[in-house]
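Here's the structure, in structure tokens; my notes come after.
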Ligand code: HEM
């Protein structure tokens, strides 16, 4: 099994969890309301911003290896959509996703880039609602997004990597950490609970 398929298999449960957290049923529903859309964007913003902050340290190395980071970033696109809803009270004090080496960073990049897949589907469903709410074309859920092309290039790159046990373990660790960054329960315990 190639590295892409290994990561996908290992993180299938993480994706299901994130769909729950982001209330995918509601975001795909024709009767979603504006407040639900706003809350969904906030949750997405928080997760993407954390993962992107964790990836910054690895940007140069990843680019030297031929991986590209999304530009503009997902959090940048989402923040513009929140601004359009006059929701500018975005918390920026959440901690970056912890990534310990560049293989974990590749795993986190898998999550960020792969989000373009669900995004394309959601964009098509949301388009009539965006018009109904009188909003202009969204930045994150834009119908014409480059994300899917970038995803295909990323997958091709992953498939050239030898899926050794170490590579698989570390990329999966990074992908799981990235997915967990979208789960609010991650924040329930404070640093004091993590003792000793
Ligand atoms: C409510 C939100 C979401 C829905 C409904 C959704 C749905 C989907 C769908 C339909 C696919 C394509 C599956 C396929 O064709 O094989 C997909 C793939 C993927 N999604 Fe999501 N998604 C959502 C949110 C997210 C988020 C927030 C992330 C990460 C930040 C994410 C990460 C991924 C990844 C990594 C893949 C690629 C799996 C692979 O082929 O390796 N998704 N998603």
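Residue count for region 94-120 satisfying the condition of being within 11 Å of the ligand (Cβ to nearest atom) and more than 15 Å from the chain's Cα centre (by Cα): 0.
Residue check: is residue 182 modelled with pLDDT under 95 and crowded, with 19+ Cβ neighbours inside 10 Å?
On the way: modelled with pLDDT under 95: yes; crowded, with 19+ Cβ neighbours inside 10 Å: yes.
Against the criterion (modelled with pLDDT under 95 and crowded, with 19+ Cβ neighbours inside 10 Å), residue 182 qualifies.
Looking only at region 3-16, decide whether some residue is within 10 Å of the ligand (Cβ to nearest atom), within 16 Å of residue 119 (Cβ to Cβ), touching a residue at least 12 places away in the same chain (Cβ under 8 Å) and in a helix (DSSP H, G or I). Within region 3-16, one or more residues are within 10 Å of the ligand (Cβ to nearest atom), within 16 Å of residue 119 (Cβ to Cβ), touching a residue at least 12 places away in the same chain (Cβ under 8 Å) and in a helix (DSSP H, G or I). Selection of region 22-68 for residues being within 16 Å of the ligand (Cβ to nearest atom), under 17 Å from residue 140 (Cβ atoms), surrounded by fewer than 20 Cβ atoms within 10 Å (Cβ to Cβ) and more than 12 Å from the chain's Cα centre (by Cα) yields 23, 24, 26, 28, 32, 36, 38, 39, 42. Just give me the residues in region 112-124 being crowded, with 18+ Cβ neighbours inside 10 Å and free of Cβ contacts under 8 Å to residues at least 24 places away in the same chain, in sequence order. Within region 112-124, 123 is the sole residue that qualifies. Tallying residues that are free of Cβ contacts under 8 Å to residues at least 24 places away in the same chain and in a loop (DSSP other than H, G, I, E, B) within region 143-161 yields 4. The condition (being out of contact with any helix residue (DSSP H, G or I) (no Cβ under 7 Å at 6 or more places or on another chain) and surrounded by fewer than 13 Cβ atoms within 10 Å (Cβ to Cβ)) is satisfied by just one residue among 84, 71: 71.
Pairs are defined by a Cβ separation below 6 Å, a sequence spacing of at least 6 or placement on different chains, a first member in region 35-51 that is under 17 Å from residue 14 (Cα atoms), and a second member that is assigned to a helix (DSSP H, G or I); the pairs so defined are 44/78; 48/74; 48/75; 51/108; 51/112; 51/178.
Does region 125-142 hold any residues that are surrounded by 12 or more Cβ atoms within 10 Å (Cβ to Cβ), under 16 Å from residue 33 (Cα atoms) and without any contact (Cβ under 8 Å) to a residue 24 or more places away in the chain, and which are they? Passing the criteria: 127, 130.
The values are calculated or read from the model by the stated rules, or taken from the named source; none is laboratory data. In this text, all values refer to a predicted model and were calculated from it rather than measured experimentally. Glycine also receives a Cβ, built like all others from the backbone with ideal geometry; neighbour counts cover every protein chain displayed.
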